[in-house]
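> Questions regarding the structure given below will be posed in turn.
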Amino acid sequence: MTPPLIPLKPDDAARRLADRRAILVDIRETDEFARRRARGALSRPLSSLDAGGLGLADAREVIFACRSGMRTSANGARLAAACGTQAYVLEGGLDAWDAADLPVEVDVRAPLELMRQVQIAAGLLVLAGVILGLLASPWFLGVSAFVGAGLTLAGATGFCGMARLLALAPGNRPTA
C-alpha cells in the first residue's frame, strides 16, 4: 500500500527545497505552467502521468503542487504511487506559495491558460446573447442557450469544443 501524501505548508516546502532534500513537481497542464510557476518547479502534467512514474533522475522527496491544492489532494494516491519515494503535497498550492512571498516566475508573454480563455469567451457570449436578446431580438437569447448547452456537454463528457477552437488560435499554437 502506498502511503498518502503528507501536506506541507509553503515555508516548510521551501526549506526542504533549499536544503536540496526535495524537488517540487507541478502537476498542472503545460499551458498553466508556462504562464506562472514556482521557481525551480518541474512540470509533470497530471494528464500525462502514467504507470512509468515521473521520470525523475534521483530519489529525493517529492513535493507535488497545483494552483490551489485541489488537484493534488484529489489525486494523492495516484501521485504517491508514481513517485516511488516520500511524497508531500504543497498545502494551498501555488496560490499559497505566492501568498507566502516565495519566488514565482511569471511569463506574461505566454497565453492565458486555455480554460481561462474558455471562461472569458463563454461569459462574453452569454452576456452578449442576453443583452442583444433584451435590446434587439429575443432570438439572440439562443446564443446564451447554445453556450450553456456547450458548457453542460463539456462538464458531462470532458469534451470542450470551445477549448478545441481556442487551441487553434495563433497565440495558442506551439512555436517551433
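> From Ala128, Ala136, Ala99, which residue is closer than 27 Å to Arg36 by Cα and among the hydrophobic types (A, V, I, L, M, F, W, C)?
Being closer than 27 Å to Arg36 by Cα and among the hydrophobic types (A, V, I, L, M, F, W, C) holds for just one of Ala128, Ala136, Ala99, which is Ala99.
Yes or no, residue by residue, for (1) among the hydroxyl-bearing types (Ser, Thr, Tyr); (2) more than 30 Å from Leu24 (Cβ to Cβ); (3) in contact with a Cys (Cβ under 9 Å, 6 or more places away or on another chain):
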site	(1), (2), (3)
Pro103	no, no, no
Ala110	no, no, no
Met115	no, no, yes
Ile120	no, no, no
Leu124	no, yes, no
Ala128	no, yes, no
Leu141	no, yes, no
Gly148	no, yes, no
Phe159	no, yes, no
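> Further question: Please verify whether Leu90 is within 15 Å of the chain's Cα centre (by Cα), under 30 Å from Ala18 (Cβ atoms), of a type in the set (A, V, I, L, M, F, W, C) and assigned by TED's automatic domain parsing to the domain that holds Leu46, treating the condition exactly as stated. Write out each step before concluding.
Numbers: within 15 Å of the chain's Cα centre (by Cα): yes; under 30 Å from Ala18 (Cβ atoms): yes; of a type in the set (A, V, I, L, M, F, W, C): yes; assigned by TED's automatic domain parsing to the domain that holds Leu46: yes.
When the stated conditions are applied, Leu90 passes them.
> Something else about it: Which ones in segment 32-42 are over 16 Å from Ala96 (Cβ atoms) and either outside any helix (DSSP H, G or I) or out of contact with any Asp or Glu (no Cβ under 7 Å at 6 or more places or on another chain) (or both)?
Gly40, Leu42
> Just checking, which of Leu112, Leu79 is under 16 Å from the mean Cα position of the chain (by Cα), not basic (Lys, Arg) and not in a helix (DSSP H, G or I)?
Numbers: Leu79 fails: not in a helix (DSSP H, G or I).
Answer to the selection: Leu112.
> Additional query: What pairs can you find where one residue is in segment 74-90 and closer than 14 Å to Arg44 by Cα, the other is small (Gly, Ala, Ser) and surrounded by fewer than 23 Cβ atoms within 10 Å (Cβ to Cβ), and their Cβ atoms are less than 6 Å apart, with a gap of 6+ or different chains?
Ala82/Gly53
> I would also like to ask the following. What pairs come up if the first residue lies in segment 148-175 and is more than 22 Å from Pro111 (Cα to Cα), the second is at pLDDT 85 or above and surrounded by fewer than 13 Cβ atoms within 10 Å (Cβ to Cβ), and their beta carbons are under 9 Å apart, counting only those six or more places apart or on different chains?
Here the result reads Gly150/Gly161; Leu153/Phe159; Leu153/Gly161, each pair linking segment 148-175 to a residue that is at pLDDT 85 or above and surrounded by fewer than 13 Cβ atoms within 10 Å (Cβ to Cβ).
> Restrict the check to segment 124-136 and report whether at least one residue is loosely packed, with under 13 Cβ neighbours inside 10 Å, without any contact (Cβ under 8 Å) to a residue 24 or more places away in the chain, in a loop (DSSP other than H, G, I, E, B) and not acidic (Asp, Glu).
Among the residues of segment 124-136, at least one is loosely packed, with under 13 Cβ neighbours inside 10 Å, without any contact (Cβ under 8 Å) to a residue 24 or more places away in the chain, in a loop (DSSP other than H, G, I, E, B) and not acidic (Asp, Glu), which makes the answer yes.
> I'd like the residue in segment 49-67 that is more than 21 Å from Ala13 (Cα to Cα) and surrounded by 12 or more Cβ atoms within 10 Å (Cβ to Cβ) and, out of all such residues, is modelled with the highest pLDDT.
Taking the candidates together, the pick is Leu49.
> Cys160 passes all but one of (1) under 30 Å from Ala13 (Cβ atoms); (2) surrounded by 18 or more Cβ atoms within 10 Å (Cβ to Cβ); which number fails?
Among (1) under 30 Å from Ala13 (Cβ atoms); (2) surrounded by 18 or more Cβ atoms within 10 Å (Cβ to Cβ), Cys160 violates only (1).
> I would also like to ask the following. Has segment 138-157 got at least one residue that is in a loop (DSSP other than H, G, I, E, B) and loosely packed, with under 14 Cβ neighbours inside 10 Å?
no
> Here's a follow-up. Report, by residue number, each residue of segment 1-31 that is under 19 Å from Ala99 (Cα atoms) and among the charged types (D, E, K, R).
Lys9, Asp11, Asp12, Arg15, Arg16, Asp26, Arg28 - these are the residues of segment 1-31 that are under 19 Å from Ala99 (Cα atoms) and among the charged types (D, E, K, R).
The values are calculated or read from the model by the stated rules, or taken from the named source; none is laboratory data. Please read these numbers as outputs of a predicted model, since none were measured by experiment. Note that each Cβ is placed from the backbone with ideal geometry, even for glycine, and that neighbours are counted across all protein chains shown.
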